[in-house]
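Step one of this worksheet: look at the structure below.
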Amino acid sequence: RFLFADLLLWALEAWGDREPGLAIEIKARQTLEAGVLERHGFQQTGSFYTSEFDLTSDLVPRTPLEAGFTIVDMHSRPDFRAQRVLRHNAFAGESDLSEEELTRILTLYGYARESPIYHPQTDLCIMGPDGRFVAGCEALIDAANVAADIERVCTHSDYRRRGFARAVILECLYRLRDIGMQRAYITGYSPGAIALYRSLGHVAQTESLIFKR
């Protein structure tokens, strides 16, 4: 922590003219760092929460799915095209994606899957009766620390408020426990996501702050 101010000054000198500006995330308890940021023109613009789950204790029971819906993983059913369409709708709010853009994104994510933190058995989607992916999440595994981050939690805009996100997260937690992970973390930015993660039996929650300049 004693190097924080020096590192910040280096970043301002090296990157200060970048657009649209600089941003950093710190823990809410880092009051020293917050003061340094404010003295150098940064302002807090938001916050988010990370929930921690103890996989060595009992988990919240799995959520039953509606008839015709099943949970699949990218090991047994590696349909990354359908997964990308789902994420584009969920995160960008759009359904249309050109073939050229889809191919480019699939290539980039293909590189990411070569990482040792990627585990296809914990890259999950809920598949509807028509074969379309309607919700999903992905756990990235830190084997050295016996922990995982659950990311890219999403639900297609046509299927929200039906319990699909809750079901796929719980399935992911159970699978992480089955392969020997001891901790899992999920970060939520919106009030709805934060409330959902709180309902899943977390043991601790950490607030982080977003500062921008």
### Message
Rounding to the nearest 10 and keeping the result within 0 to 90°, find how far the Cα-based axis of helix 80-92 lies from the longest principal axis of the chain.
### Response
50
### Query
Can you give the three extents of the C-alpha atoms in segment 82-125 along their principal axes, from longest to shortest, in whole Å?
31, 20, 14
### Task
Determine Rg/Rh for the chain; Rg is computed over alpha-carbon atoms and Rh is the Kirkwood hydrodynamic estimate from the same atoms.
1.01
### Task
Filter the chymotrypsin sites (Phe, Trp or Tyr not before Pro) in segment 1-99 down to the DSSP loop ones having no more than 15 other Cβ atoms within 10 Å, then list what survives.
Phe2
### Message
What figure, in Å² to the nearest 10, do you get for the accessible area of Thr187 with a 1.4 Å probe and non-protein molecules left out?
### Response
50
### Query
Sorted by accessible area with a 1.4 angstrom probe, largest first, how do Leu3, Leu59 fall?
Leu3, Leu59
### Message
If you fit an axis through the alpha-carbon atoms of helix 164-178 and take the longest principal axis of the Cα set of the chain, what angle between them do you get, 0 to 90°, nearest 10?
### Response
90
### Summary
Over all pairs of different Cα atoms in segment 128-213, the reciprocal of the mean inverse distance gives a Kirkwood radius in Å of 14.2
### Query
Can you pull out the trypsin sites (Lys or Arg not before Pro) in segment 84-127 that DSSP calls coil and that have at most 12 other Cβ atoms within 10 Å?
none
### Task
Would you work out what percent of the accessible area of the chain, with all protein chains in place, is carbon or sulfur (probe 1.4 Å)?
51
### Query
Can you give the calculated 222 nm mean residue ellipticity of the chain, where each DSSP H run of n ≥ 4 adds -39,500 (n - 2.57) and the sum is split over every residue, rounded to the nearest 500 deg cm²/dmol?
-10500 deg cm²/dmol
### Task
Report the residue, chosen from Arg39, Arg29, Arg77, that carries the largest GNM mean-square fluctuation when the chain is represented by alpha-carbon nodes joined by springs under 10 Å.
Arg39
### Message
For segment 27-75, place one equal point scatterer on every Cα, skip the solvent, and apply the Debye formula. What is log10 of I(q)/I(0) at q = 0.14, 0.27, 0.28 Å⁻¹?
### Response
-0.69, -1.10, -1.11
### Query
Can you tell me the accessible area per residue over the chain, all protein chains present, probe 1.4 angstrom, in square angstrom?
56
### Task
Pick out which of Glu66, Glu19, Glu101 has the largest mean-square fluctuation in a Gaussian network model of the chain, springs linking Cα atoms closer than 10 Å.
Glu19
### Query
On a 0 to 90 degree scale, rounded to 10, what angle separates helix 99-112 from the longest Cα axis of the chain?
70
### Query
So which chymotrypsin sites (Phe, Trp or Tyr not before Pro) in segment 142-213 pass both tests, a DSSP loop state and at most 15 other Cβ atoms within 10 Å of the Cβ?
Tyr189
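The values are calculated or read from the model by the stated rules, or taken from the named source; none is laboratory data. Not measured: the values here are computed from a predicted model. Because the Cβ atoms are built from the backbone with ideal geometry, glycine has one as well, and the counts that use them run over all protein chains shown. Keep in mind that these areas ignore ligands, DNA and RNA; they rest on the heavy atoms of the full protein, side chains included. Shrake-Rupley method; radii C 1.70, N 1.55, O 1.52, S 1.80 Å.
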